[in-house]
1. What's the number of the condition A:VAL5 fails, among (1) surrounded by fewer than 22 Cβ atoms within 10 Å (Cβ to Cβ); (2) in contact (Cβ under 8 Å) with a residue 40 or more places away in the chain?
2. Take region B:138-171 and flag every residue that is closer than 30 Å to B:GLY41 by Cβ, more than 14 Å from every other protein chain (Cβ to nearest Cβ) and in a loop (DSSP other than H, G, I, E, B).
3. Taking interchain pairs and intrachain pairs at least six residues apart, which have beta carbon atoms under 8 angstrom, with the first residue in region B:220-232 and within 16 Å of A:ARG163 (Cβ to Cβ) and the second of a type in the set (Asp, Glu) and not in a helix (DSSP H, G or I)?
4. Enumerate the pairs (first residue in region B:194-217 and within 16 Å of B:SER181 (Cα to Cα); second residue anywhere and of a type in the set (Phe, Trp, Tyr) and not in a strand (DSSP E or B)) with beta-carbon separation below 9 Å, excluding pairs fewer than 6 apart on the same chain, so at least 6 apart or on different chains.
5. Can you say whether B:ILE67 is farther than 18 Å from B:ILE151 by Cβ, surrounded by 18 or more Cβ atoms within 10 Å (Cβ to Cβ), modelled with pLDDT of 95 or more and of a type in the set (Val, Ile, Thr), as far as the supplied structure shows?
6. Looking only at region B:146-157, decide whether some residue is more than 13 Å from A:TYR156 (Cα to Cα) and without any contact (Cβ under 8 Å) to a residue 12 or more places away in the chain.
7. Collect the residues in region A:66-88 that are in contact with a Ser or Thr (Cβ under 9 Å, 6 or more places away or on another chain) and assigned to a helix (DSSP H, G or I), keeping them in residue-number order.
8. Look at B:LEU186 and say whether it is closer than 23 Å to B:SER116 by Cβ, in a helix (DSSP H, G or I) and hydrophobic (A, V, I, L, M, F, W, C).
Number of protein chains: 2
Amino acid sequence: MTYCVGLLLNEGMVLLSDTRTNAGLDNIATYRKMFTFEKPGERVIVIMTAGSLSVTQTTIARLREAIDDKDSTPDQSIMLAPTMLKVAEIIGNALASVRLDIESKMEASKVSTSASMIVAGQRRGGGMRMFLVYPEGNFIEATEDTPFLQIGEHKYGKPILDRVARMDMSLDEARKAMLLSMDSTLRSNLSVGMPLDLVIIHKDDCQISERRRIEKGDPDFSRMSEMWSEALRDGFTKIQI
Amino acid sequence: MTYCVGLLLNEGMVLLSDTRTNAGLDNIATYRKMFTFEKPGERVIVIMTAGSLSVTQTTIARLREAIDDKDSTPDQSIMLAPTMLKVAEIIGNALASVRLDIESKMEASKVSTSASMIVAGQRRGGGMRMFLVYPEGNFIEATEDTPFLQIGEHKYGKPILDRVARMDMSLDEARKAMLLSMDSTLRSNLSVGMPLDLVIIHKDDCQISERRRIEKGDPDFSRMSEMWSEALRDGFTKIQI
């Protein structure tokens, strides 16, 4: 499985994904699930993927092909699309069509070809937008009421976000909340694993402002994880019922 | 949906269930999901249920019928079975057979008839045992390594248990851990709802030692929930990354 989470803030956007892929418990590998596309200052798009690896890789490959094709129209290339809404549509259509292709090949084997994506970005002159694209190609958007979107193993890491995630958080606070949400997921579910990919985009920069790969044993992440464990244990001990 | 959790300790057992049942989001009701059977001092059995209400109700009704039937053998009545293992077997067989019955009626409609149960108890002279019974009737048992069992919406409340649940906890600590695990689930998932049913069984009592229904707005539960929120927010604020 996978855990990817994106948070839309007034100040920018924070995106975090794990990298573990498994086809059965005895076939585990590390694959990047976060893909960035940018023309700095003009547009930045981040896609995070969950679900069937063959579906998501093929979808990303088709999107790249359309970007590289000089004859692509704004209806085909996410780097030419006039709005982030159009970007989400192109990605949704690509995902749905790849999924149907692969599904028809897999009919007999009952293997799941489901996949979903988080798409976040900004075009110069437009607002920051973040979408969750469903396997069928339709999508929903992050809003003030629910500023975070999750795909994959989302349940373990939801309680902390339900409590603290707000659009008016600082980017630093948001990064912390998302890393803690990931930490809970890593602890409770083997199919989600390090390293992590983290991207931060400041509002109106229209480019990746910060990009980090957090490796297993990363001292900052380990320290944060320990402090959080300690805070939880302390809180737990203090409560009298 | 449902959230039920049981924790097996050296000192005894703690069992907690919610009561929300829904057939679609517009058809929500309160049903007891915890059933207790006791002959105080001789045996105590607690069953918690998740999944299709028609399956779990019919299963419990059949188990009750067998208990009330004077001609029942120790192979049929959970109140006569010679061991807790046999109790789990009787319950597993009843669940599997009811599920198959109902499944055959539902074939056309694709409605899920899946259901699972947690069975906990002790017979005089035997040890405390706790089982998770799967829809097919097979089961697994709580052990020192993993002293808690969960059914229903288990993911939201798992991180706290993964961190603190241990067999050598006191019953009070265990109750607190389970109520906090339930609190996280209630906050993040609408299909799990108050009131809650809590049962505590002291080792070798062979009867229910404490039984409580925790209603919505219960002052102790609300206070605990607030203290936990505060502890999480404080911990969150203190962590520097």
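1. (1)
2. B:ALA142, B:THR143, B:GLU144, B:PRO147, B:MET167, B:ASP168
3. Qualifying pairs under 8 Å: none.
4. Here the result reads B:MET194/B:PHE221; B:LEU196/B:PHE221; B:ILE214/B:PHE221, each pair linking region B:194-217 to a residue that is of a type in the set (Phe, Trp, Tyr) and not in a strand (DSSP E or B).
5. The answer is no for B:ILE67.
6. Taking region B:146-157 as the starting set, the residues that turn out to be more than 13 Å from A:TYR156 (Cα to Cα) are B:146-152.
Narrowing the set further to residues that are without any contact (Cβ under 8 Å) to a residue 12 or more places away in the chain leaves B:146.
Taking every residue of region B:146-157 in turn, at least one turns out to be more than 13 Å from A:TYR156 (Cα to Cα) and without any contact (Cβ under 8 Å) to a residue 12 or more places away in the chain.
7. Start the filter on region A:66-88 by keeping residues that are in contact with a Ser or Thr (Cβ under 9 Å, 6 or more places away or on another chain), which leaves A:66-69, A:79-80.
Once the filter is applied, which keeps residues that are in contact with a Ser or Thr (Cβ under 9 Å, 6 or more places away or on another chain) and assigned to a helix (DSSP H, G or I), region A:66-88 yields A:ALA66, A:ILE67, A:ASP68.
8. It is true that B:LEU186 is closer than 23 Å to B:SER116 by Cβ, in a helix (DSSP H, G or I) and hydrophobic (A, V, I, L, M, F, W, C).
The values are calculated or read from the model by the stated rules, or taken from the named source; none is laboratory data. All of these numbers come straight from a predicted model, not from anything done at the bench. As a convention, Cβ positions derive from the backbone with ideal geometry for all residues, glycine included, and neighbour counts pool all protein chains shown.
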